[in-house]
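Taking it in order: structure first as structure tokens, then the write-up.
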């Protein structure tokens, strides 16, 4: 019997704005490419603007690297690999990586503010999640550099050479750390391309790498667009490609390296199920749902974007969820009260809005809380869709925004089937009080990361990566090392 | 009058049964002197799809068997092969392998199956991890099978290459379809008879004969196959397999080894067709004075 549902009350939360200061950050007007330990101008002479998605103001100009620049970077990386980095004892490599971690920690607040300005994510998240995790990632992998023989029993430890790394815009600094730290620890050198909408923290990281005295050419940062990334993928002297981004681009990369000896890891899209059973602690589960889909504006590859609620509690969960959504602050990412910041770019906002339209057209019932949205900048209110069919596009395709679909289920077997019925397999969440059921589900859900009674937790020691079309290879933890070893 | 020998019909092995190719086609296998020794099924694309379907159907049951049980079944395969030692030696000789070499090949194949049988309940112990995360969570990573694997058996051996690439795949709980060596297909089908009598559930291993060239595209672009193990040496076919694999982001693993050598078997060949799964769960925070027991 469904209980009578309380009416939605909209509590009025009125906080005074609490803006993080931007006075202590240093941004240049124009950034060149970081190649061979020097800042060099792009061959093309072209620069592009990176804007703050929260107010559409230009933050800086950034070099557009082309194939010639990539070639320069690869040559520098190869030279550094042959002459310095591959010969250096692991214990010495470790010290450099520790230095990077320490210097980042010292400038953590500056990184957090720049990340928020460039990516639109809330200061709370960049300060408490992105930046500390990025620092810790370097610290964690630094310690591996002289212990690799212990990681994989009976296996000869050999680095690969030059790694080409292409990272996305949703966790710009963190993704740079995920890529660079294990590559360096295992003795490889790096050519990294940040996403075009969020290049600034990678460039600040280059400053720190410079300050740490890393031998020239060990880390090279080449900014640019998709063409720059393609030049990295196609370069004949690169031994490994590590890519995080959409499944669409991941497929292009897998195809491009076919027939070459390049080693590849792909961390791609997802459409992860978050499953709530009737014995779950409902209030905690509702927090988990909110964190699962609205964390980082839903720009999370492992976002819990498909909610499955057991039928007998669906009404109550949806009611509580709507109530909770009414209290979410959408607005200036620099404000410490803000829960949902700016959508990363105009293009991404258009994509999200396209899917919201599709959802309505497909007949799903939409809910968005009443909230005020800044007039300038790219924003999207938290959105949920009820009565969604399994075949619906919004339940099948990755939206990469704060949009949640809700479906119900009756039995364990039914929800396992529904949850697995997607080409993706990145993550899943399970909420129940029953231990045996948790293990039943966690073994049967075909996904690389399972959060039981929690969601969207990350740690340098914890391997991350997908099944099926969510890609292959793992990043993080001991297992993340193997992506950079022969 | 001398007794007339009963000749064996070499058929396919799909879903635990021995059907002929649905296409009705065959090719004549000849010995080194050019004398025909058998008619071999020339599998069609439809046979590949049937085999993939059988493998998918068997995946749940096989992957959910206890690791110990999988080990016992693999060991049983070795027992069955040992019992048919002479038959395999004769078949290898019929396909042009010298006697001494043939004996060695069968012996190594048997020992290799025992080797992987032993790994079934050990690889996860060696390579899984409890990850010490900096929050109040219990976090661990374990390996799980990738799913359905398409295997292109090595071309230059009839038995040992096949066994070497197949065993790590099923030891890890995957199911598979195997394309046998084109020029030396006899042992593959006879090995299917060994599998058939080893308590291995039908559909876990499906064996097809035919040409790589004709079937590679269907196999590598099939949307319900999760990984490809390529044991051949044709770089053009490999490239097209890698390109087709993009359709559903198949993992493509190239296995090129001298299968007679002892170091051509190892733990990491099992891991090649595994996925690592990481699970998080909160730890109730007891905290305070009571935590110093």
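Worth a mention:
- Selection over the range B:228-246 of residues that are at the interface with another protein chain (Cβ under 9 Å from one of its Cβ atoms) and closer than 23 Å to residue A:268 by Cα gives a count of 8.
- Residue-level analysis places residue A:394 outside the set of residues that are touching a helix residue (DSSP H, G or I) at 6+ places or on another chain (Cβ under 8 Å) and within 12 Å of another protein chain (Cβ to nearest Cβ).
- No other residue among A:484, A:455 is within 20 Å of residue A:245 (Cα to Cα), touching a strand residue (DSSP E or B) at 6+ places or on another chain (Cβ under 8 Å), more than 8 Å from chain B (Cβ to nearest Cβ) and crowded, with 24+ Cβ neighbours inside 10 Å apart from A:484.
- Odd one out for residue A:88 among (1) more than 22 Å from the chain's Cα centre (by Cα); (2) more than 14 Å from chain B (Cβ to nearest Cβ); (3) under 24 Å from residue A:211 (Cβ atoms); (4) assigned to a helix (DSSP H, G or I): (4)
- Of all residues making up the range B:251-271, the number that are under 24 Å from residue A:247 (Cα atoms) and at the interface with another protein chain (Cβ under 9 Å from one of its Cβ atoms): 3
- Remark: residue B:207 falls outside the filter, which requires a residue to be at pLDDT 95 or above, within 12 Å of another protein chain (Cβ to nearest Cβ), touching a strand residue (DSSP E or B) at 6+ places or on another chain (Cβ under 9 Å) and closer than 23 Å to residue B:50 by Cα.
Let's see how each residue does on (1) surrounded by fewer than 19 Cβ atoms within 10 Å (Cβ to Cβ); (2) without any contact (Cβ under 8 Å) to a residue 24 or more places away in the chain:
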| site | (1), (2) |
| --- | --- |
| B:35 | yes, yes |
| B:47 | no, no |
| B:119 | no, no |
| B:126 | yes, no |
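- All positions within the range A:419-452 that are more than 9 Å from every other protein chain (Cβ to nearest Cβ) and either under 19 Å from residue A:391 (Cα atoms) or within 20 Å of the chain's Cα centre (by Cα) (or both): A:419, A:420, A:421, A:422, A:424, A:426, A:427, A:428, A:429
- Qualifying residues in the range A:459-479 (those that are touching a strand residue (DSSP E or B) at 6+ places or on another chain (Cβ under 7 Å), more than 17 Å from residue A:424 (Cα to Cα) and more than 7 Å from chain B (Cβ to nearest Cβ)) - the one surrounded by the most Cβ atoms within 10 Å (Cβ to Cβ): A:476
- Matching helices (runs of 4 or more DSSP H) fully within the range A:192-261 where at least 3 residues are modelled with pLDDT of 95 or more, surrounded by fewer than 19 Cβ atoms within 10 Å (Cβ to Cβ) and in contact with a helix residue (DSSP H, G or I) (Cβ under 9 Å, 6 or more places away or on another chain): A:226-234, A:247-256
- For the range B:119-146, the set of residues classified as assigned to a strand (DSSP E or B) and either more than 7 Å from chain A (Cβ to nearest Cβ) or more than 21 Å from residue A:468 (Cβ to Cβ) (or both) consists of B:129, B:130, B:137, B:138, B:139, B:140, B:142, B:143, B:144, B:145, listed by residue number.
- Within the option set A:385, A:400, A:409, being away from every other protein chain (no Cβ under 14 Å), under 18 Å from residue A:288 (Cβ atoms), crowded, with 20+ Cβ neighbours inside 10 Å and modelled with pLDDT of 95 or more holds for one residue only, A:409.
- Residues in the range B:25-34 that are assigned to a loop (DSSP other than H, G, I, E, B) and in contact with a strand residue (DSSP E or B) (Cβ under 9 Å, 6 or more places away or on another chain) were compared, and the one that is modelled with the highest pLDDT is B:25.
- Lone unmet requirement of (1) touching a residue at least 12 places away in the same chain (Cβ under 8 Å); (2) over 16 Å from the mean Cα position of the chain (by Cα); (3) at negative phi for residue A:119: (2)
- Cβ-Cβ under 8 Å pairs, at least 6 apart or on other chains, the range A:360-379 side under 17 Å from residue A:57 (Cα atoms), far side surrounded by fewer than 15 Cβ atoms within 10 Å (Cβ to Cβ): A:376/A:56; A:377/A:56; A:378/A:56; A:378/A:346; A:379/A:373
- Test: residue A:316 is surrounded by 23 or more Cβ atoms within 10 Å (Cβ to Cβ) and over 30 Å from residue A:117 (Cβ atoms): no
The values are calculated or read from the model by the stated rules, or taken from the named source; none is laboratory data. Everything quoted here is computed from the prediction, not taken from an experiment. Every residue, glycine among them, receives a Cβ derived from its backbone with ideal geometry; neighbour counts consider all protein chains shown.
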